[in-house]
C-alpha cells in the first residue's frame, strides 16, 4: 500500500511535534545526568556516550524519530532504570557510610563516657585530697607566719646582742692584754665599746621594761628549773640562813677570847661584891652579842638586795595558787628562824617584803579563781553528780589545807591567807550553785546542791583549820535534807489524796472521809515500799541518803500515830461512826515503828 506525499508529510509533522513535545523531558534527563556526573556517581564516559549517541542524533537527525518511536521508549526505560540503579547504589553507599559513622559515634560516646567517669573520679580524688590537706595547708600557713615571726625576732635579737655583747675577737683582745705589758689601740677601742654598753644597759634598766627581766614566758632566775619554784626559793633561803649562822659563829669565836680576858681582869680587881661582878659579866656578854649581830648584819647586807630580786622572780613565776600559798609558808618559816638570829635587819625586811608580795599575788589569784567558778557553764551529769568545777575546787582546797596543816610555824599571814581563800571560794560556790539549779525541778535542784556542797565537805572536814566553813556548809546541807524529806513526804500524801484533808498538826479536819483514812491505815504497811524513792539513789553520800530516808520514815510514823490516836479518841466518843472492832484490825503504832526500822 503506497502513501501519498501529503500523508507522509502529515506523519512526519506529527512525529516532529511529538519529538518537540518530549524536548523538556530530554532536557530534564540531561540536567539529571550532569548532576550525577558532578557528584561523581556516574562516569563521565557513560554520559558522553549517551549524549553523543542519543541526544545529538535526536537534534541533527529527525529522521531517527520519524522512522520508529521504539528507540525513544527504550531510551527512556533504560535511562530510568540506570538512574534508579545509581540511586540505589548511592543509597547503599550512604547507608554503609552511615553505619561506619554510627559505629564511630558509638565508639566516641563510649570514650566520652569513660573520660567522664575518669574526670569524676579525678574530681572526687581532688576533693578528698583537698579535705585531707586542708589542715596541712592551714598548719603550713601557721608555720610560715611563725617562721617569719621567729626570723624577725632573731634579727632583733642579733641586733640587740651585737649592741650589748662583746664578740669573741674582742674578748680575746681583752684577755691577751692581761698577759702583756704593752697596751694596744685595740684594747682602748674595746674598752670604749664596753663603756658604751654599760651606758646602754643603764638606760635599759631605767626604762623599767618588764621584757628585760623575762626568761621564756615568765619571770624566773637563770638557775631555776621549771616546776621547781618552791625548791629553788627554799634553797636560796636555806643558804642565807646557813650564812647567817656561820657568820655569827665566826664573830662569836673572835670575841669569845676578849670576853674571857675581860672577865679575868675583873676577877683580879674585884672585891667581895660578887653581885657587881656577875652583872658586869652579863653586861659585857650582851654588848659583845650586840656587836656580833651588828657585824653579821653589815656583813650580809650586801646579799639582801640580790636575795630579794631572786625571790621576787620566784613569786612572779608562780602561776598556781597552791605554789603561792607554799611560798607564803616558806617565807613565814625562814622569817621566824632568821628573827631569832638577827631581830631586825635588811634580810629579815626583804623576806617580809617578799611575803607581802606573795600575799598580794595570792589575792589576785583568788579573784581569778572566783571568776573561773562564776563563769562556768550550767553543765551537769544526768545522775546529778557534783560538777567538775566543784570537784577541782575541792581538791585544790584540800591541797592548800594540807600545806597549812603540815606547816609548824604558820603565822598570822598564813591564817589570813587561808581565811581569804575559803571565804571567797565559799561565796563563789554558793552563787554558782544558785545559778546552776535555776529552772530545775525542786527535787533535782536540792539533790545537785547536796552533791556539790558535800563534795566540798568531804575534803574540808579532814582539816581543823576549815572547821568554821565546814559548820556553815553543814547548816545549808541540813536545810536541804529537811526540804527534800518534806517534798517526798508530801508526795506520799498526794498519792493518797490526804494532804488537803489534814491540818498542820497532821490531824483529820473532819471524819467525813472515814473510808479513805481507814483504807490508808489498813494498807499502810504494804505501802512502806515507797520509802525507796528512786531520786534518793542519785545522792552521792550513802549517809545522806539514809538520813533523808530516816526523816521521811519519822514523818510517816508520826502521821500514822497521830491518825491512830485521833481515830481512837473519836471511837470512844462516837461508837456509831468508827467502831472499836475496826481499830482492833489495825496495827499498833509501835508495830509500824518496828516495820519502818526494819526497812
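Per-residue extension of 0.36 nm, minus the Cα-Cα distance of residue 195 and residue 160, leaves a gain of 11.0 nm for this segment.
Please find the FRET efficiency linking residue 126 to residue 364, where r is the Cβ-Cβ separation and R0 is fixed at 45 Å, and quote it to the nearest 0.05. Display every interim value, and only then the final one.
Values: r = 54 Å, r/R0 = 1.19.
Computed FRET efficiency for residue 126 and residue 364 comes out at 0.25.
Computed from the C-beta positions of residue 441 and residue 137 and an R0 of 41 Å, the FRET efficiency is 0.25 to the nearest 0.05. Counting neighbouring Cβ atoms within 10 Å and putting the fewest first, the residues 330, 95 line up as 95, 330. Between residue 593 and residue 395, how high is the FRET efficiency from 1/(1 + (r/R0)^6) when r is the Cβ-Cβ distance and R₀ = 56 Å? Nearest 0.05. Once rounded, the FRET efficiency stands at 0.85. Residue order for 145, 432, 560, fewest other beta carbons within 10 angstrom first, comes to 145, 432, 560.
Ranked by Cβ crowding within 10 angstrom, fewest neighbours first, how are 462, 354 ordered? Let's see the in-between values first.
Values: 462 13, 354 25.
Sorted ascending by nearby Cβ count, the order is 462, 354.
Just to be sure I understand the model, the point goes 7 Å from the Cα along the line to the Cβ. What's the resulting residue 379 to residue 183 distance in nm? Between residue 379 and residue 183, the simple spin-label model gives 7.1 nm.
Since every read-out is calculated from the coordinates, none of them should be taken as a lab result. None of these values were measured; they are calculated from a predicted model. Cβ coordinates were reconstructed from backbone atoms using ideal geometry, including for glycine residues, and neighbour counts include every protein chain displayed.
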